[in-house]
Amino acid sequence: MVKKDLGLLLLIVVVGIVVAIINPRFLLPINLANTANLIGLFGILSIGQAYVIITGGIELSVGSLVALLGVLFVDFVAVQDMPWMLALPLILMLGAAIGAIHGLLITRLNLQPFVVTLCGLLIYRGAARFYTADGTAGFAFGQNFPDLEFLTAGRFYGVPNTFIALVIISVVMWVVLHRSIFGRYLYAIGKNEEAARYSGIRTGRMVMSAYVICGLLTALSAIYFAMYTRSISPASHGQFYELYAIAAAVLGGFSLRGGEGSIVGVVLGTVLLQELQNLVNLLGIPSSLNFAVMGGVILIGVLIDQQWHAIRAQRRLVSAARQTEARVPDEGTLPVVANQD
């Protein structure tokens, strides 16, 4: 854990104590379980977004992808009678393929990530609505898939399986990002892509890999969301989910410039966001203000990031100045040369 992560953890504890004092229902087991379930759902999505942000990119289409892939998964399983053990890997591969397409457009055609993923946001939302004829995709009354429902929406000794999945994915993604050469390359690309390229890193492949990981985790999240809601309206399902993911990453210490952040941080950022939303609900604040809270959180996160960068830059300048002064000898200590005449 870095200092940012410890500070965020302390903030989560403080906010949790304040919420519990204001409304003791916050500590009820059912409320904690529901909050943990939402943390799992949005946490998986946020980790995928974080991998893109670390390269200096952005992925704006995750919400629309959650809708499109969720609609396809429900249709495959509930309407086409496809075995869920076949539908699940098929959706995961489709998500990874879409991520690869985004990566190719960005690295090969040199398109801006913002433009590519913004177009994806519109295309995938439109495709989901067209696929369902602007209707609702869902499971028929009495349709049950016990094994699938347990894995995606069940609980293990009271702990939601989505939260358990988040823990497992977080550990794997932490090792990949913080303990592998691949992760070091991603950090290097985020810091300075041109320098990384000159140092021999295949930046195009690395960036495309980050988008593939994001697409894969988005597809997995889409399946979890589909089984959580069991009914999908493609016009609204997954709307603004990309903002949740970006906000969690920014809160977790990921710089939108790239090259900074940790998996622990993005998970803690997700926890804080859901804690704040829980606070809004328990205090009876209109749910329409959720987006205002999101916007404020992102703004505060960006402001803190800018101030952090400014402080670090100032410290580096002061340190460099001190080192320069130490290298220049004082005039009073100049060696005296004896007169040999």
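The values are calculated or read from the model by the stated rules, or taken from the named source; none is laboratory data. Remember, it's a predicted structure, so these values are computed and weren't measured experimentally. Cβ placement follows ideal geometry from the backbone for every residue including glycine, while neighbour counts extend to all protein chains displayed. Just so you know, the surface numbers come from the protein's heavy atoms only, side chains and all, with ligands and any DNA or RNA stripped out. Shrake-Rupley method; radii C 1.70, N 1.55, O 1.52, S 1.80 Å.
Checking each residue in the range 58-85 for being open to solvent by 10 Å² or more (accessible area, probe 1.4 Å) and in contact with a helix residue (DSSP H, G or I) (Cβ under 9 Å, 6 or more places away or on another chain) picks out 58, 60, 68, 72, 75, 76, 80, 82, 83, 84, 85. Pairs linking a residue in the range 154-177 that is farther than 17 Å from residue 274 by Cα to a residue that is open to solvent by less than 30 Å² (accessible area, probe 1.4 Å) and in a strand (DSSP E or B), with Cβ atoms under 8 Å and 6 or more positions apart or on different chains, are 154/160.
For the range 26-42, the tally of residues that are under 16 Å from residue 266 (Cβ atoms) and out of contact with any Phe, Trp or Tyr (no Cβ under 8 Å at 6 or more places or on another chain) stands at 1.
Scanning the range 194-212 for residues that are touching a helix residue (DSSP H, G or I) at 6+ places or on another chain (Cβ under 6 Å) and more than 17 Å from residue 254 (Cα to Cα) turns up 196, 197, 201, 203, 204, 206, 208, 212.
Just to be sure before I move on: is residue 287 more than 17 Å from residue 56 (Cα to Cα), modelled with pLDDT under 85, out of contact with any Asp or Glu (no Cβ under 7 Å at 6 or more places or on another chain) and not hydrophobic (A, V, I, L, M, F, W, C) in the structure I sent? Yes; evaluated as a whole, the condition is true for this residue.
Looking across the range 102-116 at every residue that is surrounded by 12 or more Cβ atoms within 10 Å (Cβ to Cβ) and without any contact (Cβ under 8 Å) to a residue 60 or more places away in the chain, the one that is farthest from residue 207 (Cα to Cα) is identified as 115.
Have a look at 7, 16 and point out the one that is among the small types (Gly, Ala, Ser), modelled with pLDDT under 90, surrounded by fewer than 20 Cβ atoms within 10 Å (Cβ to Cβ) and over 24 Å from residue 285 (Cβ atoms).
Only one candidate qualifies: 7.
Among residues of the range 256-296 being charged (D, E, K, R) and in a loop (DSSP other than H, G, I, E, B), the one that is farthest from residue 243 (Cα to Cα) is 260.
Of the residues making up the range 237-259, those that are open to solvent by 20 Å² or more (accessible area, probe 1.4 Å) and modelled with pLDDT under 90 are 239, 240, 243, 244, 251, 256, 257. Kindly check whether there is at least one residue in the range 3-12 that is more than 13 Å from residue 267 (Cβ to Cβ), in contact with a Pro (Cβ under 9 Å, 6 or more places away or on another chain) and assigned to a helix (DSSP H, G or I). Within the range 3-12 (the criterion being more than 13 Å from residue 267 (Cβ to Cβ), in contact with a Pro (Cβ under 9 Å, 6 or more places away or on another chain) and assigned to a helix (DSSP H, G or I)), the answer is no, since none of the residues qualifies.
When residue 45 is tested against the conditions (1) open to solvent by less than 20 Å² (accessible area, probe 1.4 Å); (2) touching a strand residue (DSSP E or B) at 6+ places or on another chain (Cβ under 6 Å); (3) not β-branched (Val, Ile, Thr), the lone failure is (2).
Among the residues examined, residue 93 qualifies as more than 12 Å from the chain's Cα centre (by Cα), farther than 17 Å from residue 230 by Cα and open to solvent by 30 Å² or more (accessible area, probe 1.4 Å).
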